[in-house]
Amino acid sequence: MVMNVIANLSKHQQFKRALGEYRENLYRIAYSWCHNPALADDLVQEALTKALKNSGQLRDPNTLKAWLYRILSNCWRDHFRRSRDTVDVDDVILMENDTPDTCHNRQQIISRVRNAIAYLPMGQRQVITLVDLEGCSYIEVAQILDVPIGTVMSRLSRARKALKERLLEAEVKGDSNVHHLRVTT
């Protein structure tokens, strides 16, 4: 009996450590979706709390990352359900207009890309951040967002095209703050 308690406690501590290792990734994803540091932190906290509470539902420890991203996605959806009327998430466009003029070259490029991503519809933004920034597979993204894999592929294609056009458009306008970006297709 005592050994079972010790074994369960050890497993719980290992699970908590594993969750802690994903906190930064979860925050990056949440921030890329909402562009609000406080909200992103709240979403991550809610997702980690739900993960701890429902740790018994994780059948395969190898799918922990996808499971956590799925919980975060559900928390994001729940946030919209609580805070808005009936607007489709794919129709919501969040913009970030503040770009610091005195930032380092790298920070300016990061800011431009973030700004371009912010103009994408939410479904495209979620897919591009999960695939291109976090390295999730199409199957993982389909499971996380609870959409067919074909939807993931089409949203990703549209998101990449729109992102490329937006970044090239800024460069063509001759913005002196735009540094040459390498855009691949």
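Say we look at the stretch 125-147 and pick out the residues that are of a type in the set (Asp, Glu) and in contact with a Phe, Trp or Tyr (Cβ under 9 Å, 6 or more places away or on another chain); which of these is farthest from TRP67 (Cα to Cα)?
Among those residues, the one meeting the criterion is GLU134.
Go through ALA30, ALA38 for me and flag whichever is of a type outside the set (S, T, N, Q), under 18 Å from ARG77 (Cα atoms) and out of contact with any helix residue (DSSP H, G or I) (no Cβ under 8 Å at 6 or more places or on another chain).
Working: ALA30 fails: out of contact with any helix residue (DSSP H, G or I) (no Cβ under 8 Å at 6 or more places or on another chain).
From the options ALA30, ALA38, the qualifying one is ALA38.
No lab work stands behind these numbers, since they all come straight from the coordinates. Model, not experiment: these values are computed from the prediction. Backbone-built Cβ (ideal geometry, glycine too); neighbour counts: all protein chains shown.
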